[in-house]
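Reviewing the structure listed below.
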Amino acid sequence: MPTRQVSAAAAVLLLAATGTAADPLPRKHTNVERLAPDRLAAVRAGVDRLRARRADVPPLPGLTDYKCILHAHAEDSAHTGGTLPEMLADAKTAGVHAILLTDHYRPPADFIDGRWRGLKDGVLFVPGAEVNGFLAYPTRSILPRMGLKGRDFIDTVTAGDGLIFLSHVEERPGHPVDGLTGLEITNRHYDAKRDPVSLVALGLMLTDPRQLAVLERALRLYPDEVLAFQCDYPAVYLDKWDEGTKRKRLTGVAANDCHHNQVFVVKMADAETVLVGTTVDPDDKKQRVTAALRPGIREMTRGRNPGDVLARVDFDPYYRSFRNSSTHVLAPRLDEPAVRAALQAGHAYVSHDWIGDPTGFRFEAADVAGARVAVMGDEVPHAAGLTLAARLPQPALVRLLRHGREVARAEETVEFRHAVAEAGVYRLEAWGRLDDEWRPWLYSNPIYVR
């Protein structure tokens with residue numbers, strides 16, 4: 001939510017703007033327009049049509065497609081609203097197999113010691129930290145070396161089978177990639193941060209009883225679609241990745257960045273004033289909104305007492321965040337060493353699972369005889385007859401990119417093939433058509449043709 005008082009005139013000007021970044025496929029609706037009930041209903045109808053056409057894809061021999069969550073917070077800061085038991089329960093509801101935690105670093109606490117690790121009721125937990133601009137997953141405690149910077153810190157984390165991913169890429173687009181396991185290629189927090197227009201729109205809806213009722217109904221009927229309304233093509237993340245993979249192998253992962261802290265409340269200050277914020281915001285950090293700006297506040301406060309919570313709207317329970325974005329890891333078994341090895345190798349892809357269950361998705365290279373020679377994340381020599389192929393469980397628009405530039409496209413397809421004419425780093429995107437818009441669905445890790 002915005003932290004400054006916004007005038008009615010300024011709000012109108014903000015709502016007239018789009019607040020969105022350019023996508024490689026044209027958009028039809030602004031983010032604010034996507035919040036309209038008829039738009040949400042149309043998106044859900046599109047999701048249902050795609051789901052009806054879904055067909056299972058056989059798994060690759062010896063590998064299982066595990067749905068994993070990276071960049072996840074519970075019980076680790078004043079601005080985190082969720083708990084570990086809540087996270088576990090919602091992981092089971094959302095079909096999540098593994099959660100790689102990223103505690104906010106709070107010395108002298110050690111994020112490795114005392115945290116959940118291993119299988120908990122069928123869900124694998126791996127401890128880690130969000131620190132120094134990274135998602136850090138060392139294999140053992142590095143508490144005495146947490147003060148290190150730059151490459152010294154990176155090498156400390158990655159000793160043995162440790163993993164480290166550049167986080168919040170928009171804040172450090174020039175950061176070197178040397179020594180990194182990979183980087184985030186999408187981040188839900190960034191979607192919100194670059195779209196203040198929609199945050200103003202939500203604030204206006206929360207402070208009018210009729211618009212609030214519309215929002216509450218939308219969340220009941222279309223919870224995934226509401227959480228995803230701001231999600232755009234993450235160009236700044238993908239550009240960084242594409243440039244980096246020209247030099248070295250880098251695993252792309254989804255930054256779920258879930259805290260269960262987007263539970264918005266409207267609290268009565270007096271008959272003419274409310275406080276708007278989240279359940280983790282202290283009252284002095286909430287935005288004060290008056291009836292002079294939003295006359296409906298008088299109706300909301302009528303018969304109520306100062307301090308009363310007039311509205312509570314939960315946008316991001318863990319299970320909904322887990323459906324919004326995830327990293328699918330192709331590994332031989334569900335344990336920490338296998339998941340670490342698969343992420344190190346780039347045997348993974350990023351998906352917005354609310355658009356469709358991507359389980360079974362394949363992106364691979366085959367030789368002239370049709371034999372598989374590489375899966376995503378692998379390196380393969382360029383040779384005559386080399387072909388890149390993909391199989392998807394539901395129809396999508398497929399874009400094949402070399403060094404970030406589109407080299408081939410196919411619409412409404414579940415199978416895709418492309419003869420490789422030159423060496424390069426190739427990755428694949430799949431988009432779903434929802435409400436007459438193409439929305440990004442999944443991003444493969446690259447195949448490196450040398």
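Things worth noting here:
- Gap separating the Cα centres of the range 82-143 and the range 158-221, nearest whole Å: 19 Å
- Segments 286-295, 245-254, 396-405 sorted - mean Cβ within 10 Å per residue, highest first: 245-254, 396-405, 286-295
- Computed FRET value (nearest 0.05) for residue 92 with residue 406, which takes r as the C-beta separation and R₀ as 35 Å: 0.35
- Site pair residue 36 and residue 308 shows an inter-label distance of 3.4 nm when each label is modelled 7 Å from Cα along Cα→Cβ.
- Cα pair distances exceeding 20 angstrom across the range 330-450, given as percent: 42 percent
- Ranked by how many other beta carbons lie within 10 Å on average, peptides 147-160, 96-109 from highest: 96-109, 147-160
- Applying 0.36 nm per residue to the separation of residue 335 and residue 421 and subtracting their alpha-carbon distance, the gain on full extension is 27.1 nm.
- Taking a ≥ b ≥ c as the square roots of the Cα gyration tensor eigenvalues, the range 405-450 comes out prolate, since a/c reaches at least 1.5 and a/b is larger than b/c.
- Three-way shape call for the range 219-365 based on the alpha-carbon gyration tensor, with the a/c threshold at 1.5: prolate
- For q = 0.26 Å⁻¹, Debye-computed log10 I/I(0) when each Cα of the range 263-314 counts as one equal scatterer: -0.97
- Mean Cα-pair separation over length for the range 263-314, i.e. relative contact order, pairs under 8 Å, 6 or more apart, %: 48 percent
- Relative protection proxy for 193-205, 316-328, from highest mean packing down: 316-328, 193-205 (other beta-carbon atoms within 10 angstrom).
- Model label sites at residue 379 and residue 279, defined 7 Å from Cα along the beta-carbon direction, differ in position by 4.8 nm.
- With a simple spin-label model that places each label point 7 Å from the Cα along the Cα-to-Cβ direction, the separation between residue 49 and residue 141 comes to 5.7 nm.
- Crossing angle, helix 37-52 versus the chain [Cα axis fit, 0-90 degrees, rounded to tens]: 30 degrees
- Charge dipole magnitude, Cβ of K and R +1, D and E -1 - the range 84-154, Cα centre, debye nearest 20: 260 debye
- 20 Å-binned pair-distance histogram of the chain (Cα, whole percent): 25, 55, 19, 1
- Subtracting the Cα-Cα distance of residue 104 and residue 246 from their residue separation scaled by 0.36 nm leaves 48.0 nm.
- Only Lys, Arg, Asp and Glu carry charge here, each on its Cβ (+1 for the first two, -1 for the last two); on that basis the range 338-392 has a dipole of about 60 debye about its Cα centre.
- The calculated FRET efficiency for residue 151 paired with residue 216, based on their beta-carbon distance and R0 = 45 Å, is about 0.35.
Every number in this text was worked out from the coordinates using simple rules, so none of it is lab data. Quick caveat: nothing in here was measured; it's all calculated off a predicted structure. Because the Cβ atoms are built from the backbone with ideal geometry, glycine has one as well, and the counts that use them run over all protein chains shown.
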